[in-house]
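J.: Handing you this structure, nothing more for now.
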Amino acid sequence: MTQISAAHTPAQEQAAQSSSKTSGASLYGGVTTRRVTVRDLAAAKERGEKWPMLTAYDAMTASVFDEAGIPVLLVGDSAGNCHLGYETTVPVTLDEIAVLSAAVVRGTKRALVIGDLPFGSYQEGPVQALRSATRLVKEAGVGAVKLEGGERSLPQTELLVSAGIPVMSHLGLTPQSVNTMGYRVQGRGDEDAHRLLRDAKAAQDAGAFGVVLELVPEELAVEVSRSLHIPTIGIGAGAGCDAQVLVWTDMMGLTSGKVPRFVKQYAELRSVMGDAAREFASDVRGATFPAPEHAFH
Ligand code: KIV
């Protein structure tokens, strides 16, 4: 059976091999010299194996996550507010996602890189979606694309899949619709819950390989995850999904201001970087940097 690993150094390789011997096949505990594919994610769902996904917007950060064994990286349109300085994801352009996606692909050896189709790049219809997705696949080298919406994006999903482009669907809170939807939990109440379940099944029937569930009640996410044979990827959807995704700047403590309650902060990068910048400034002002060992003669 194919086994997949993030291992790049001999020590990591050995650790990965011994872990795969004890735990069986694993999306990121085995050995591979190739990229993760959507077929690996389908196999992980069959094994009942959970997997992590992070966003990434540049080559260097992506290489860190790739080496750390994150099997799937999303070049999300969250780049708008987390990388490009916009207020929301709405202004992000296909050109921007193409540049960032190409960098993430260059920075990784093993992760499946998914390019997000930004607002305005697929809503006109299937042909526009195919043109946009083809650009991300050909120019940036992504292995899959993501688009928002279930039933409303079915013709787009069907055409992309039939053209050989794997599609991840995004349901629940869909930030590209912030102007009509706002930022609030979706799928509350019977009617909304049934609509979301219908959307998820429609996306699966149209050929999507996975469904992001953003900001939905945990009970509903469990029901959707049990009803689908493709993986669900939760963000603010509780523990019952097949995979979990977080925006990297949120989980690393780089985002300024308040982060959503569903985010677990694993590091404090904003204060680490701020302290380092202040120390550098103080060294320069006090003429203690550069020191003799930093100079050439
Ligand atoms: O753009 C993004 O980062 C996303 C994730 C939150 C799933 O869509």
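Each value in this text was obtained by applying a stated rule to the coordinates, not by laboratory testing. Quantities reported herein were computed from a predicted structural model and do not represent experimental measurements. Cβ: placed from backbone, ideal geometry, glycine included. Neighbour counts: every protein chain shown.
J.: Given the convex hull over the Cα atoms of the stretch 124-254, what projected area results after averaging over all orientations, in nm²?
T.: Its Cα hull, projected and averaged over all orientations, spans 8.5 nm².
J.: Oh, and also: Who wins for biggest fluctuation among D205, D275, D116 in a Gaussian network model of the chain, springs between alpha carbons below 10 Å?
T.: In this elastic network of the chain, the residue with the biggest mean-square fluctuation among D205, D275, D116 is D275.
J.: Nearest 10 degrees is fine. How inclined is helix 190-205 to the longest principal axis of the chain, computing both from alpha carbons?
T.: Relative to the chain, helix 190-205 is tipped by roughly 80 degrees.
J.: Compute the distribution of all C-alpha to C-alpha distances in the stretch 147-191, in bins of 10 Å from 0, and list the percent of pairs in each, rounded to whole numbers.
T.: Pair shares across the bins are 25, 45, 24, 6.
J.: Is it possible to state the helix-based mean residue ellipticity at 222 nm for the chain, with each DSSP H run of 4+ residues giving -39500 (n - 2.57), the sum divided by total residues, to the nearest 500 deg cm²/dmol? What is it?
T.: For the chain, the value works out to -12000 deg cm²/dmol.
J.: Return the aspartates and glutamates within reach of K50: Cα separation strictly under 15 angstrom, same-chain partners fewer than 8 residues apart disregarded; answer none if there are no such residues.
T.: The qualifying aspartates and glutamates are D40, D242.
J.: If you place +1 on the Cβ of every Lys and Arg and -1 on the Cβ of every Asp and Glu, how big does the dipole about the Cα centre of the chain come out, in debye to the nearest 20?
T.: Details: 27 positive and 33 negative charges, 97 e Å.
Computed about the Cα centre, the dipole is about 460 debye.
J.: A further question on this structure: Please find, in a Gaussian network model of the chain (springs between Cα atoms separated by less than 10 Å), the residue of A44, A277, A68 whose mean-square fluctuation is greatest.
T.: A277
J.: Which whole-number percentage describes the relative contact order of the chain, with Cα contacts under 8 Å and a sequence gap of 6 or more?
T.: It rounds to 13 percent for the chain.
J.: Further question on the same structure: How big is the Rg/Rh ratio for the chain, C-alpha atoms only, Rh by Kirkwood, two decimals?
T.: Rg/Rh for the chain comes to 1.01.
J.: Between E219 and F280, what length comes free when the chain is fully extended (0.36 nm per residue of separation minus the Cα-Cα distance, one decimal in nm)?
T.: 17.0 nm
J.: How large is log10 I(q)/I(0) at q = 0.18 Å⁻¹ when the Debye formula is applied to the Cα atoms of the stretch 181-297, each weighted equally and without solvent?
T.: -0.94
J.: Compute the separation of the alpha-carbon centres of the stretch 37-69 and the stretch 95-164 and state it in Å as a whole number.
T.: Rounded to whole Å, the Cα centres lie 17 Å apart.
J.: Rounded to the nearest 0.05, what FRET efficiency is calculated for R188 and M60 with R0 set to 35 Å and r the Cβ-Cβ distance?
T.: 0.30
J.: Pairing the Cα long axis of helix 10-23 with the longest principal axis of the chain, what angle in degrees results, from 0 to 90 and rounded to the nearest 10?
T.: Around 30 degrees separate the two axes.
J.: Estimate the FRET efficiency between K264 and K138 by the formula 1/(1 + (r/R0)^6), using the beta-carbon distance for r and 35 Å for R0, to the nearest 0.05.
T.: Plugging the Cβ-Cβ distance into 1/(1 + (r/R0)^6) gives 0.45.
J.: Also, I was wondering about something else. Taking R0 as 25 Å, what's the FRET efficiency between K109 and R39 from their Cβ-Cβ distance, rounded to 0.05?
T.: Once the sixth-power term is evaluated, E becomes 0.85.
J.: While we're here: Using alpha carbons only, how many degrees (0 to 90, rounded to 10) separate the axis of helix 94-106 from the longest principal axis of the chain?
T.: 60 degrees
J.: Could you work out how far apart the two model spin labels at S271 and E293 are, taking each label as a point 7 Å from the Cα in the direction of the beta carbon, and quote it in nm?
T.: In this crude spin-label approximation the distance works out to 2.8 nm.
J.: Still on this structure, I have one more. What length, rounded to one decimal in nm, is gained on full extension from A239 through to T93, with 0.36 nm per residue of separation minus their alpha-carbon distance?
T.: Stretched out fully, the A239 to T93 stretch lengthens by 49.3 nm.
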